[in-house]
Amino acid sequence: MKMLEALNSAVADDSSLRCILLRAEGNVFSAGHNLKEIHSGNIESHRAVFESCNRLMLRLRSLPVPVIAQVDGIAAAAGCQLVAACDIVVASDTSSFSTPGGSVGIFCSTPGVPLVRNVPRKLSSYMLLTGSPISAQTAFTAGLVSLVVPKDKLEEETQCVVESIVSKSRAVLALGKRFMYQQAELTEENAYKAGADVMVNNINMADGQEGICSFVEKRKPHWTHED
Amino acid sequence: MKMLEALNSAVADDSSLRCILLRAEGNVFSAGHNLKEIHSGNIESHRAVFESCNRLMLRLRSLPVPVIAQVDGIAAAAGCQLVAACDIVVASDTSSFSTPGGSVGIFCSTPGVPLVRNVPRKLSSYMLLTGSPISAQTAFTAGLVSLVVPKDKLEEETQCVVESIVSKSRAVLALGKRFMYQQAELTEENAYKAGADVMVNNINMADGQEGICSFVEKRKPHWTHED
Amino acid sequence: MKMLEALNSAVADDSSLRCILLRAEGNVFSAGHNLKEIHSGNIESHRAVFESCNRLMLRLRSLPVPVIAQVDGIAAAAGCQLVAACDIVVASDTSSFSTPGGSVGIFCSTPGVPLVRNVPRKLSSYMLLTGSPISAQTAFTAGLVSLVVPKDKLEEETQCVVESIVSKSRAVLALGKRFMYQQAELTEENAYKAGADVMVNNINMADGQEGICSFVEKRKPHWTHED
């Protein structure tokens, strides 16, 4: 609960923020909820834990900046959920992912929420119903991670992703991330309709104009990062 | 029609049931509907066949226990649909999957229902529009199968999946499977909200309490398997 | 804008049309919108470009014949969108796919519409937020292309797909393609219900009857291609 509250406070927005990178010390990215804490709690404290967890997951999506998970090791249960809830995931090839709650009588129902939206059904069902882990390579094939890299290249490859993000306009990425999640829940026809408006607005933003001018003039863009 | 009726009767629930395993004799898992039967039938008999088939597919999802397809060979048309409609699929590496109905003038429209929900669009469109088969390895990459294993390991690997399921609480897996399909059709925000309630209820079930206690006490859990 | 209008006119239906194949000359399939044209335009012209583009994408889906993209080289921004909007994609192994608009201040919001419906979220977010390209092999693994083939086999493999399509009944593929997209936006239960009607109608079409008879009589079918 302390970790959830710390994360909920830490991922607040700020106009100078450009990107969030979540990583862990040691060889466990996150093993999820603390079963001892749940054991000693009551219904009210259980509800508070899961509501705090939901708040964190939805906040990662609604933040205007990209959220990257750098995974090196085990991501299990709500730890696997946290991975699946980030925008981009860079994992070392020795990492593994699992939703083993069923083995201790607590089915990974909330980890399943982002899991079934990221991993094909036959594999997400297998993970949820058996609790068996999948390797980083299988997680990449399945779509749960964006990039799988050798363990000794993890920092370097993550840094490339971060640099690619901070070289762009904060305002343009904010508009893009917001629409990306929004349109995914519309019918395809309505998504296209809404998309045309977003494109026209984007072109007429200060950083949209600057981007096109810099391209035509073959020079580097100077972003205002403002809406 | 006889096979559909036999399957519809066979997959009935029973409180001692823990898992269903569907497999075939020989090197065809299922080639789908019997075209000769359709040829000699009339509109009423055609409708009865597809309604019985729909009933079977939806029943597999609504059963409280996991349903595993063990595939060793050809799964074509409604046979491929049956595979896609199970919770978990273990396939030998010599298996193949196809929806070739268009070649005989009967587009695989109903097999397409679970196919497009399991396999990315460009591959499911290709399978449906050309009728070409895909290999077990491609089916795994695409998400249609959970595990692809060497033919001589098929029994052993399937048995591991079964053992993993029967080692868990029937009641916990039932709750988990039901919510997994239910939340997948909600918006992500509503899925999280509903998920928090499911987690709190799960923790306070007899087998939820037993699971957490056994974890804290470092012993094996003894499940009641009851809701 | 000229190219969009030319494509919009070219992809009109005609009862003798059986399949559409989109390909490019040279080593760029399409680099998307012309930024110089956008630079010199005004809000009205910007809106006209994106509405024409939306019209093309939705028309590809609503056409009664399969649309194949043959990709050999770069498919970027709206070029990647065009790929994702076709029914079937055959790509050479040296092709690449990207949505790099953010780098020039114009987030690939409309390319994202078919992208997030074809490519798992963690990879589509990565492509949209960083602009980094993915290889043909990764695009196949992710589900953005149907087949990836060696560059020197591209014509031959595309021709196999075309032949497979033209060997079938135009009317049956039209019914199948229409239902495939329609059912994908229903709940699974409603999709099955609607599917039973489609199957019964298909069996009782002239080409449905001819297909089943030819199968039972072990001869080649002779299609009318008529509804």
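So, of the residues in the stretch C:29-44 that are under 25 Å from the mean Cα position of the chain (by Cα) and open to solvent by 40 Å² or more (accessible area, probe 1.4 Å), which turns out to be nearest to C:G131 (Cα to Cα)?
In the first step, residues of the stretch C:29-44 are kept if they are under 25 Å from the mean Cα position of the chain (by Cα); the result is C:29-35.
Still in the list and also open to solvent by 40 Å² or more (accessible area, probe 1.4 Å): C:31, C:33-34.
Details: C:A31: 13, C:H33: 16, C:N34: 17 Å.
In this case the residue turns out to be C:A31.
The residue of the stretch B:15-51 that is farthest from B:V89 (Cα to Cα), among those that are of a type in the set (D, E, K, R) and assigned to a helix (DSSP H, G or I), is B:E44. In the stretch A:189-210, what count of residues is obtained for those that are more than 18 Å from C:S52 (Cα to Cα) and open to solvent by less than 10 Å² (accessible area, probe 1.4 Å)? The number of residues fulfilling the criteria is 2. Only one of the numbered conditions (1) under 29 Å from B:V198 (Cβ atoms); (2) touching a helix residue (DSSP H, G or I) at 6+ places or on another chain (Cβ under 8 Å); (3) not in a loop (DSSP other than H, G, I, E, B) is not met by A:V172, and that is (1). Scanning the stretch A:8-51 for residues that are at pLDDT 95 or above, within 15 Å of A:C86 (Cα to Cα) and hydrophobic (A, V, I, L, M, F, W, C) yields A:C19, A:I20, A:L21, A:L22, A:A24, A:F29. C:K220 fulfils the conditions (1) under 23 Å from the mean Cα position of the chain (by Cα); (2) at pLDDT 95 or above except for a single criterion, (1). The conditions of being free of Cβ contacts under 8 Å to residues at least 60 places away in the same chain, more than 11 Å from chain B (Cβ to nearest Cβ), farther than 24 Å from B:A85 by Cβ and crowded, with 23+ Cβ neighbours inside 10 Å are met by A:V89. Taking the criterion of being at the interface with another protein chain (Cβ under 7 Å from one of its Cβ atoms) and either under 18 Å from C:F50 (Cα atoms) or within 17 Å of the chain's Cα centre (by Cα) (or both), the residues of the stretch C:109-127 that qualify are C:S109, C:T110, C:G112, C:V113, C:V116, C:R117, C:N118. Residue selection: C:L63 fails the criterion of being surrounded by fewer than 24 Cβ atoms within 10 Å (Cβ to Cβ) and free of Cβ contacts under 8 Å to residues at least 12 places away in the same chain. Per the listing A:S103, A:S98, the residue uniquely open to solvent by 10 Å² or more (accessible area, probe 1.4 Å), hydroxyl-bearing (S, T, Y), free of Cβ contacts under 8 Å to residues at least 40 places away in the same chain and out of contact with any strand residue (DSSP E or B) (no Cβ under 9 Å at 6 or more places or on another chain) is A:S103. No other residue among C:L123, C:L129, C:L144, C:L115 is farther than 25 Å from B:A184 by Cα and open to solvent by less than 40 Å² (accessible area, probe 1.4 Å) apart from C:L129. Exactly one residue out of B:E157, B:E185 is farther than 22 Å from A:G32 by Cα and facing another protein chain (nearest Cβ under 9 Å): that is B:E185.
Within the stretch C:201-224, residues that are more than 7 Å from every other protein chain (Cβ to nearest Cβ) sit with their Cβ atoms under 8 Å from residues that are of a type in the set (D, E) and open to solvent by less than 70 Å² (accessible area, probe 1.4 Å), at 6+ positions apart or across chains, in these pairs: C:H222/C:E210; C:W223/C:D207; C:W223/C:E210; C:T224/C:D207; C:T224/C:E210. Look at (1) buried (at least 19 other Cβ atoms within 10 Å of the Cβ); (2) at negative phi and you find that B:R47 fails only one, number (1).
Which one of the conditions (1) free of Cβ contacts under 8 Å to residues at least 60 places away in the same chain; (2) in contact with a Leu (Cβ under 7 Å, 6 or more places away or on another chain); (3) open to solvent by 10 Å² or more (accessible area, probe 1.4 Å) does A:D72 fail to meet, given that it meets all the rest? The single condition A:D72 does not satisfy is (1).
Tally the residues that are part of a loop (DSSP other than H, G, I, E, B) and within 15 Å of A:E37 (Cα to Cα), restricting the search to the stretch B:209-227. Lay out the reasoning, then the answer.
Initially, the stretch B:209-227 is screened for residues part of a loop (DSSP other than H, G, I, E, B), giving B:217-227.
Cutting the leftovers down to within 15 Å of A:E37 (Cα to Cα) gives us B:217.
Residues meeting the conditions: 1.
Which residues, counting only those in the stretch B:160-188, are over 22 Å from the mean Cα position of the chain (by Cα) and buried (at least 17 other Cβ atoms within 10 Å of the Cβ)? Before you say what the answer is, go through the steps one by one.
In the first step, residues of the stretch B:160-188 are kept if they are over 22 Å from the mean Cα position of the chain (by Cα); the result is B:187-188.
The one that is over 22 Å from the mean Cα position of the chain (by Cα) and buried (at least 17 other Cβ atoms within 10 Å of the Cβ): B:E188.
Among the conditions (1) in contact with a Phe, Trp or Tyr (Cβ under 9 Å, 6 or more places away or on another chain); (2) open to solvent by 30 Å² or more (accessible area, probe 1.4 Å); (3) within 12 Å of chain A (Cβ to nearest Cβ), the only one that C:S135 does not satisfy is (3). Pairing each residue of the stretch A:1-27 that is closer than 15 Å to A:A78 by Cα and open to solvent by less than 70 Å² (accessible area, probe 1.4 Å) with any residue that is among the acidic types (D, E) and in a loop (DSSP other than H, G, I, E, B), provided the two are 6+ apart or on different chains, yields C-beta distances under 9 Å for A:A24/A:D72.
Only strands (runs of 3 or more DSSP E) whose full extent lies in the stretch C:52-156 are considered here, and the ones with at least 2 residues that are out of contact with any Asp or Glu (no Cβ under 9 Å at 6 or more places or on another chain), β-branched (V, I, T) and modelled with pLDDT of 95 or more are C:88-92.
The values are calculated or read from the model by the stated rules, or taken from the named source; none is laboratory data. Bear in mind that the values here come from a model prediction, so they are computed numbers and not experimental data. Here Cβ is always computed from backbone atoms with ideal geometry, including for glycine, and neighbour counts include all displayed protein chains. These accessible areas exclude ligands, DNA and RNA; they are computed on the full protein's heavy atoms, side chains included. Shrake-Rupley method; radii C 1.70, N 1.55, O 1.52, S 1.80 Å.
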